[in-house]
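This report concerns only the one structure given below.
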Amino acid sequence: MNETLIPTLAALALVPALVAQAPRPFSLDDVLRVRDVREPQISPDGAWVAYTVSSADTAEDRNKSAVWMASWDGTRNVRLTTSKPGEDTPR
C-alpha cells in the first residue's frame with residue numbers, strides 16, 4: 001500500500017504548483033510585441049555581428065526596421081539606423 005500511496009501523494013502535492021504556472025492565452029498584443037531578427041552579418045575582424053530588427057507599428061499600420069550591431073561576446077549593442085521598411089540591411 002505504501003508503494004502506491006507515496007507517489008500518489010507526491011503527485012497531488014505538485015498539482016497546485018502546476019496549475020499556478022499555467023500559461024495565459026496567447027493574444028494579439030503578444031503578436032505585436034514579436035521582433036523579427038534577420039540578416040546577421042559578421043564584421044571582417046569578427047568582433048561584431050550586424051543584424052536587422054523589424055517590429056510592428058500599429059499607429060502607422062506598418063513595420064519598422066533598424067540595423068543593430070552587437071559585439072561578438074554580447075556585452076555591447078548599438079543601434080545604427082532607423083529607416084523605411086526594405087531599406088535597412090547590414091550588408
TODO: For Trp48, list long-range residues whose amide hydrogen, built 1.01 Å from N in the peptide plane, is under 5 Å from its own amide hydrogen.
DONE: Ser43, Trp72
Open item on the list: Can you list residues from other chains, or at least 5 along the same chain, whose modelled amide H is less than 5 Å from the amide H of Thr81?
Closed with: Val67
- [ ] Provide the per-residue ³J(HN,Hα) series for segment 54-71, in order, calculated from phi with Karplus coefficients 6.51, -1.76, 1.60 and θ = phi - 60°, each as a whole number of Hz, with x at glycine and proline positions.
- [x] 10, 8, 7, 10, 6, 5, 9, 6, 7, 8, 10, 9, 8, 9, 10, 9, 10, 5
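Only the coordinates and a few stated rules stand behind these numbers; no lab work does. What you see is a predicted model, and the numbers here were worked out from it, not measured in a lab.
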